[in-house]
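Please treat every number below as a calculation from the coordinates, not as lab data. Fair warning: this is a prediction, and the values are worked out from it, not measured in the lab. Here Cβ is always computed from backbone atoms with ideal geometry, including for glycine, and neighbour counts include all displayed protein chains.
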Amino acid sequence: AAEAFCDRVYEVDGTLRNRSHPDAVIEDPERAAKQAVDIVVHGHVRAVNGVAIGVHAQSLCVHGDSKNAVETAAAIRAALKRSGADVVPLATIV
């Protein structure tokens, strides 16, 4: 399944920002939730420079070892539900 990352910053070319940059990981649950809605509902992420880049994802990743991972996952689920997106197990789409 095509995967996108709710808690990572993207470069303009669509790659993930290297973790050597202090801003590579999104630690704010609400910011990660907004990125999740952008991915699912609008089909894009905002790159590090603010430009929207297209992305198609069937699955969203939240890194469990990140700061606030549990809060981030809860915020993402709530934001997706509010947006009207279906939140389903991966097995139902692959």
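Tabulated values for the structure
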quantity	calculated
Positive-pole candidate from Val51, Asn18, Leu80, dipole of the chain, charges at beta carbon	Leu80
Simple spin-label estimate for His56 and Val87 in nanometres, 7 Å along Cα-Cβ	2.5 nm
Sites Ala1 and Ala24 - FRET efficiency at Förster radius 22 Å, r taken between beta-carbons, to 0.05	0.40
Entry for semi-axes √(5λ) of the Cα gyration tensor in Å (calculated from the structure that is shown) out of (i) 20, 16, 12; (ii) 18, 14, 12; (iii) 26, 13, 11	(i)
